[in-house]
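Notes to accompany the following structure.
The values are calculated or read from the model by the stated rules, or taken from the named source; none is laboratory data. Predicted model only: the values in this text are computed from it and were never measured. Every residue, glycine among them, receives a Cβ derived from its backbone with ideal geometry; neighbour counts consider all protein chains shown. Each accessible area value is taken on the protein alone, full model and side chains, heavy atoms only, with ligands, DNA and RNA left out. Shrake-Rupley method; radii C 1.70, N 1.55, O 1.52, S 1.80 Å.
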Amino acid sequence: MPHAQGVSGRPVPGSAITADVAVIGGGAIGHGIAWEARRSGRSVVVIDDAPGSGASWAAAGMLAPVSELHYQEEDLLELMLDASARWPVFAADLAAAAGSDPGYLTTPTLAVGADAADRRALLDLRAVQLSHGLTVEPLTIREARQREPLLSPGIACALDTPADHQVDPRLLVACLRRGLARHAGGTAGNRSHVPGAVDGYAVPDKAAGLLWKDGAVAGAVLEGGGTVLAGETVVANGLHAAELAGLPAGLHLPLRPVHGDILRLAVPAHLRPLVTSTVRGLVRGTPVYIVPRQDGTVVIGATQHEDALGRDAGSSAGAVSAGGVYQLLRDAQVLVPAVAELELLECTARARPGTPDNAPLLGRVPLPGEPSAGRHPAAGGSTAPGAGHVPGLIVATGFFRHGILLAPAAAAICRELLDGREDPRWAPFNPGRFCAAPSHLADAAHPLNI
């Protein structure tokens, strides 16, 4: 089947693009997986009509496995620590490939409490962190203000978390796109350059559903009418993953939108740097964070609510809440009073894809009759990896608040799966764990069969 592009860059109806790997979803996760797959020698396309504009666009980029340890989410810790350890090499390799900076910084994180109750909550969390071998050191208020002079003298406590760093998600996605657009020799005849794809990798369209052939996933059908044929397809389009037609029968992807407001502000020259560390605070029990950027701006976030304001509840974009903006500015000023002197540049609202256990759906989908690796206890499943899986399909979604941190780990895990290897450590995140019964392959009459 021939390939062609329309005026908009979208494949024209009836055309087909062929690659070794098709990644549905162009956020940090999808682009990271595509880049790692490309580095393995495979040809790759990323299917997304608005790449980088979803949850990745609003993310603060905190790489915080220590600070993000939450009660009853300890299963995530090993994955978060693995991802954190990968970040220095991942960022360096990406910068070299793209010829630009992804904004990775190894500056530490300060956890700050506004009052006695906040101090108690942070110290209780520290006890859990220490029990897992993590490093969180208390600072006196004087020591904290020597490091960050603009911190309020009225804070109740400060804790140093040296292992928690940051990256700029917008720069990250831009770097991944540049890296994917660079093909050795710059010619269409290069193995990595996919004919019919923009810049040799991008398909600026939405995936309508999965394509099947002979009982295996064989690519994707596009909303614009074209198709992408691929030996392996990775579903990484966040909240929209469960909306795809042609998912294996019985596969349940219980994704929910968790909305949040985030602010970007410019720091005037006389206040720079506002802070040098990421400041994660509790103010009367409510979390708030201030993340400094190299360009003289800071990011303040993030509210969290599961109702959409003025938008479709299932949409990743949303309307900004006036109350949310007020809350963020109010609480940030309690910790750093000079926030009141900053210039408000941007208010953004996005929804993150959450799951019932707040852990990602990551891996291959078990075949009928196979135990669902790591199946959620409510579904009565085992935790041993199943021997069989739906051919040609990998799911990588539901990363909730950890998407940027986990991008290098998700990319590495998907590359191992493409290579035929499955690490049993990640079995608890299998995408079939919420299925009441093992998933089934599409039957021969499936409308998206070829």
Fill in: From the options A156, A121, A127, residue that is open to solvent by 30 Å² or more (accessible area, probe 1.4 Å), farther than 23 Å from G32 by Cα, without any contact (Cβ under 8 Å) to a residue 60 or more places away in the chain and more than 25 Å from the chain's Cα centre (by Cα)
A127
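Against the definition (more than 22 Å from V234 (Cα to Cα), crowded, with 22+ Cβ neighbours inside 10 Å and either modelled with pLDDT of 95 or more or touching a helix residue (DSSP H, G or I) at 6+ places or on another chain (Cβ under 6 Å) (or both)), how does R350 come out, yes or no? Show your work before the answer.
Details: more than 22 Å from V234 (Cα to Cα): yes; crowded, with 22+ Cβ neighbours inside 10 Å: yes; either modelled with pLDDT of 95 or more or touching a helix residue (DSSP H, G or I) at 6+ places or on another chain (Cβ under 6 Å) (or both): yes.
So R350 passes the test.
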Response to the item:
Given the conditions (1) out of contact with any Pro (no Cβ under 7 Å at 6 or more places or on another chain); (2) closer than 17 Å to V136 by Cα, every one holds for Q72 apart from (2)
Worksheet item: Mind checking whether some residue in region 55-69 is over 19 Å from V173 (Cα atoms), out of contact with any Gly (no Cβ under 6 Å at 6 or more places or on another chain) and open to solvent by 40 Å² or more (accessible area, probe 1.4 Å)?
Response: no
Fill in: Residue list for region 210-220, restricted to those being in contact with a strand residue (DSSP E or B) (Cβ under 7 Å, 6 or more places away or on another chain), on the phi < 0 side of the Ramachandran plot and open to solvent by less than 30 Å² (accessible area, probe 1.4 Å)
L210, L211, W212, V217, A218, A220
Worksheet entry | Unmet requirement for H193, which otherwise passes all of (1) open to solvent by less than 10 Å² (accessible area, probe 1.4 Å); (2) over 23 Å from the mean Cα position of the chain (by Cα) | (1)
Worksheet item: Would it be correct to say that G200 is on the phi > 0 side of the Ramachandran plot, in contact with a helix residue (DSSP H, G or I) (Cβ under 8 Å, 6 or more places away or on another chain) and either crowded, with 22+ Cβ neighbours inside 10 Å or not in a strand (DSSP E or B) (or both)?
Response: yes
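Of P292, P268, which residue is at pLDDT 95 or above, surrounded by fewer than 16 Cβ atoms within 10 Å (Cβ to Cβ) and more than 25 Å from G398 (Cβ to Cβ)? Explain how you work it out, then say what you get.
Values: P292 fails: surrounded by fewer than 16 Cβ atoms within 10 Å (Cβ to Cβ).
Checking each option against the conditions leaves just P268.
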Worksheet item: When you scan region 353-409, how many residues do you find that are at positive phi, at pLDDT below 60 and in contact with a helix residue (DSSP H, G or I) (Cβ under 9 Å, 6 or more places away or on another chain)?
Response: 1
